[in-house]
């Protein structure tokens with residue numbers, strides 16, 4: 001269950017299109033007959049665009065618009081107010097750390113799932129996707145039960161920054177695993193055999209042959225994990241206690257701004273989060289294309 | 001002897017890929033391991049390379065016991081059917097890889113790599129990535145890469161199998177010339193008997209995980225060890241209890257010594273040769289005759305002819321098989337039902 | 001290829017050590033972060049038997065929460081399924097200017113924090129939002145009412161159906177559809193009898209993902225809901241509310257219920273995905 005964005009256009013090349021000589025446009029009657037009718041496409045496109053606009057684009061636009069409704073400087077002022085700024089710094093630092101940690105752990109887990117075999121592996125496979133499927137507040141309850149005030153192991157991380165870290169590790173766990181795993185499965189084992197015959201030790205093979213081929217997937221997974229982490233709310237709010245300046249993340253602060261009727265502040269911070277997320281994902285898209293060129 | 005394999009057995013799950021196989025590869029020769037799929041030829045190659053371990057038996061490479069050595073330490077060059085290029089490296093880096101692993105100096109590496117690029121005619125492509133090369137170019141790169149570390153033995157696993165027929169023929173001839181220049185002990189795995197006969201000094205014929213015959217190409221063709229080898233290496237047809245080559249049959253209008261009476265069923269012109277299918281008391285036989293011979297005989301379906309085995313060495317059809325096997329079928333499958 | 005022995009034929013001690021080492025690290029991490037806490041939650045919930053759970057979940061608040069959750073989730077899924085299939089067909093089978101843009105836009109919801117989703121919807125459909133006055137004038141209520149929650153839920157699960165169906169559509173190609181059209185089928189017939197059956201499993205997979213996501217949405221819904229018990233309270237909000245009232249039993253019960261639904265949906269979706277793959 002990993003709804004990770006894979007471009008529908010990624011398999012562009014394999015989609016057969018009606019053969020036609022370049023530069024020649026078939027007459028309208030032919031187009032209508034073959035079902036590629038411009039009318040149907042336009043209607044469908046119109047409806048899809050309408051839905052997308054009213055559900056996603058206009059609302060997000062409203063957020064950006066609201067953040068500068070009293071002027072950009074006011075928006076910026078809201079973002080840099082002490083509490084909001086502290087929340088932002090906290091969010092970004094912990095998110096980066098968590099994303100990087102799960103980059104390593106995710107790769108290790110993917111490796112073990114693909115190259116190793118042990119009883120119960122299929123259970124583990126299923127378990128990995130759980131953070132994707134679990135409601136965030138349930139994730140919070142889950143972590144609270146073992147690592148909260150009534151922990152049987154007497155590990156209580158509630159109201160600490162550790163709680164934020166643990167919650168984010170939990171919810172971002174599957175990202176790198178699920179992007180790296182398919183690449184690892186598809187990897188040409190002969191490449192490793194060739195490297196071995198040329199004298200490379202298993203360690204060298206892992207470092208110079210396997211890892212470089214995993215890097216694009218690792219980056220994608222990490223970027224997605226980071227984007228998810230900076231916006232996380234449910235699990236964190238339950239565990240961290242949301243103490244201002246100590247354990248309050250941006251999402252919580254934004255929520256508070258909404259509740260205390262400060263939409264401009266909420267919108268401004270939201271715009272910052274959106275901007276960061278989009279920049280990261282845009283960079284990933286670029287990276288994938290650059291990597292794709294090398295085959 | 002460059003490579004000595006003794007009594008090697010290898011089983012995968014329930015499948016016995018190699019059964020007590022012993023082979024000796026002479027130094028400096030180009031030997032072909034020939035057989036249909038499932039015969040064990042690739043497994044044998046991989047065991048020699050160390051990419052698979054034998055369950056029992058031993059492998060000696062240049063008088064050193066290599067049985068338990070990992071592939072890193074055997075100094076064998078290996079070329080794969082699908083090239084196994086390092087996709088994320090340029091052609092130059094691919095070829096240089098073995099040298100980089102050995103921490104060779106930059107200048108030394110550059111000299112050697114350029115040498116090899118010239119050898120395989122890929123100088124202009126050195127900065128490209130494998131994805132930007134054609135199949136034939138990739139295989140040449142793979143060869144150069146394997147040769148870069150001056151292996152004692154060069155092993156090729158169906159190296160031309162994934163290429164077009166034309167490219168295959170060219171690379172085949174090129175490999176032979178390369179071997180003649182470099183004299184590295186080479187072992188090539190193939191299922192194509194034409195390839196084996198064209199390229200190899202010696203052929204090891206494998207079937208069902210066992211060595212069927214070892215010898216020079218002409219040897220194996222003219223004097224096959226058993227009927228399976230005979231049919232695998234070339235066309236065969238029944239002649240009584242014997243298996244013969246259709247080329248070796250003569251047809252005449254009058255009976256002669258040892259000739260068999262038969263009725264012509266079909267005459268097919270194949271360009272410079274003609275295939276004549278006849279029926280000898282219910283047993284289908286076919287002969288392949290030169291064009292003039294056919295013209296002289298003026299054969300029509302229904303004509304009575306006398307079939308004689310004129311030359312070459314027939315092989316008795318294995319008693320266990322009997323008439324249940326139809327040698328005219330195109331497949332390489334073993335004759336046993 | 002029957003070879004499963006990997007690259008290095010010889011099992012050196014070093015290699016087994018690293019293999020066990022990696023396995024230990026991976027499984028240890030998963031145990032501490034995932035398995036143990038999940039087990040704990042189940043233990044806590046079932047600690048005193050199923051009685052308390054049953055009672056909590058059959059209370060009137062719980063039942064209405066379940067009802068609201070179902071209404072909201074199913075509505076969102078229906079909307080997104082129609083959108084999803086349409087968008088997938090457009091993206092894969094048609095060419096139009098802005099196609100790549102559409103492709104990117106569909107993924108946007110994944111990058112948006114749920115709180116921001118809620119805010120965004122309030123700013124447009126709330127009383128003082130863009131369309132606020134128009135909505136008020138027509139006597140509608142979107143924010144702090146079910147429609148708003150449906151919108152929020154639809155937003156967050158938007159890409160799921162598209163991303164399940166599109167790859168399959170691309171993979172099977174349109175040759176069968178072309179064949180149908182040459183035999184005289186019109187567009188709807190082609191879709192119903194050729195396209196749809198071929199994407200059925202993938203579609204089911206997407207719907208299951210979408211449903212699971214919609215049932216479990218919290219952040220976005222918490223912003224746009226009025227938290228009115230019995231009216232605009234979903235199961236996730238119910239958990240929150242119960243926790244705030246120190247009713248651990250009810251909270252844990254609902255949490256476990258949602259966890260079971262999540263696991264169930266994982267199992268089902270996995271089976272559907274394998275089936276869809278093997279059919280194409």
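Figures for the structure shown
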read-out: Single unsatisfied condition, residue C:270 versus (1) facing chain A (nearest Cβ under 9 Å); (2) surrounded by 18 or more Cβ atoms within 10 Å (Cβ to Cβ); value: (2)
read-out: Residue in region B:271-291 that is within 22 Å of residue B:192 (Cβ to Cβ) and at pLDDT below 85 present; value: yes
read-out: Residue identified as in contact with a helix residue (DSSP H, G or I) (Cβ under 6 Å, 6 or more places away or on another chain), in a helix (DSSP H, G or I) and free of Cβ contacts under 8 Å to residues at least 24 places away in the same chain among B:109, B:100; value: B:109
read-out: Some residue of region B:62-76 being modelled with pLDDT under 95, away from chain A (no Cβ under 14 Å), assigned to a strand (DSSP E or B) and at negative phi; value: yes
read-out: Any hit, region C:187-204, residues being at the interface with chain A (Cβ under 9 Å from one of its Cβ atoms), over 15 Å from the mean Cα position of the chain (by Cα) and either modelled with pLDDT under 90 or not in a helix (DSSP H, G or I) (or both); value: yes
read-out: Boolean, residue C:92 is over 12 Å from residue C:155 (Cα atoms), in contact (Cβ under 8 Å) with a residue 24 or more places away in the chain, facing chain A (nearest Cβ under 7 Å) and buried (at least 21 other Cβ atoms within 10 Å of the Cβ); value: yes
read-out: Every pair of residues 6+ apart whose Cβ atoms lie under 6 Å, when the first sits in region A:247-264 and is more than 9 Å from chain C (Cβ to nearest Cβ) while the second is not in a helix (DSSP H, G or I); value: A:247/A:241; A:248/A:242; A:264/A:70
read-out: Verdict on residue B:163 being out of contact with any strand residue (DSSP E or B) (no Cβ under 6 Å at 6 or more places or on another chain), crowded, with 19+ Cβ neighbours inside 10 Å and over 24 Å from residue B:74 (Cα atoms); value: yes
read-out: Helices (runs of 4 or more DSSP H) lying entirely in region B:217-308 (those with 1 or more residues that are in contact with a strand residue (DSSP E or B) (Cβ under 6 Å, 6 or more places away or on another chain) and closer than 22 Å to residue B:194 by Cα); value: B:217-222, B:227-233
read-out: Residue C:57 more than 14 Å from every other protein chain (Cβ to nearest Cβ) and in contact (Cβ under 8 Å) with a residue 60 or more places away in the chain; value: yes
read-out: Identity of the residue in region C:151-184, out of contact with any helix residue (DSSP H, G or I) (no Cβ under 7 Å at 6 or more places or on another chain) and more than 9 Å from every other protein chain (Cβ to nearest Cβ), that ends up nearest to residue C:220 (Cα to Cα); value: C:179
read-out: Residues that are assigned to a loop (DSSP other than H, G, I, E, B) and facing chain C (nearest Cβ under 8 Å), drawn from region A:133-150; value: A:134, A:135
read-out: Residues being more than 24 Å from residue C:209 (Cα to Cα) and either in a helix (DSSP H, G or I) or at the interface with another protein chain (Cβ under 8 Å from one of its Cβ atoms) (or both) - total across region A:115-132; value: 3
read-out: Number of positions in region C:129-150 that are over 12 Å from residue C:72 (Cα atoms), assigned to a loop (DSSP other than H, G, I, E, B) and more than 10 Å from every other protein chain (Cβ to nearest Cβ); value: 7
read-out: Some residue of region B:103-118 being within 12 Å of chain A (Cβ to nearest Cβ) and out of contact with any strand residue (DSSP E or B) (no Cβ under 7 Å at 6 or more places or on another chain); value: yes
read-out: Residue count for region C:249-265, restricted to those that are without any contact (Cβ under 8 Å) to a residue 40 or more places away in the chain and surrounded by fewer than 23 Cβ atoms within 10 Å (Cβ to Cβ); value: 3
read-out: For residue A:153: the one exception among (1) over 25 Å from residue A:227 (Cα atoms); (2) more than 9 Å from chain C (Cβ to nearest Cβ); value: (2)
read-out: Set C:214, C:269: member being touching a helix residue (DSSP H, G or I) at 6+ places or on another chain (Cβ under 6 Å), assigned to a helix (DSSP H, G or I) and at pLDDT below 95; value: C:269
read-out: Test: residue in region A:103-118 that is under 25 Å from residue A:272 (Cβ atoms), in contact with a helix residue (DSSP H, G or I) (Cβ under 7 Å, 6 or more places away or on another chain) and assigned by TED's automatic domain parsing to the domain that holds residue A:158; value: yes
read-out: Options B:34, B:18: the member that is more than 14 Å from chain A (Cβ to nearest Cβ), buried (at least 24 other Cβ atoms within 10 Å of the Cβ) and closer than 21 Å to residue B:199 by Cα; value: B:34
read-out: Candidate set from region C:102-128 (those that are at pLDDT below 90 and more than 7 Å from chain A (Cβ to nearest Cβ)); member that is farthest from residue A:67 (Cα to Cα); value: C:104
read-out: Criterion violated by residue B:82 - all others in (1) under 24 Å from residue B:42 (Cα atoms); (2) part of a helix (DSSP H, G or I) satisfied; value: (2)
read-out: Selection status of residue B:33, at pLDDT 95 or above and more than 23 Å from residue B:218 (Cα to Cα); value: no
read-out: Residues (surrounded by 15 or more Cβ atoms within 10 Å (Cβ to Cβ), closer than 25 Å to residue A:185 by Cα and either without any contact (Cβ under 8 Å) to a residue 24 or more places away in the chain or away from every other protein chain (no Cβ under 13 Å) (or both)) located in region A:70-102; value: A:99
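Residue by residue, here is whether (1) at negative phi; (2) surrounded by 20 or more Cβ atoms within 10 Å (Cβ to Cβ); (3) part of a helix (DSSP H, G or I) holds:
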| position | (1), (2), (3) |
| --- | --- |
| C:39 | yes, no, yes |
| C:54 | yes, no, yes |
| C:61 | yes, no, yes |
| C:72 | yes, yes, yes |
| C:83 | yes, yes, yes |
| C:97 | yes, no, no |
| C:100 | yes, no, yes |
| C:104 | yes, no, yes |
| C:120 | yes, yes, yes |
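The values are calculated or read from the model by the stated rules, or taken from the named source; none is laboratory data. Because the structure is predicted, anything quoted here is derived from the model rather than measured. Positions of Cβ are generated from backbone atoms using ideal geometry, with glycine treated the same way; all protein chains shown enter the neighbour counts.
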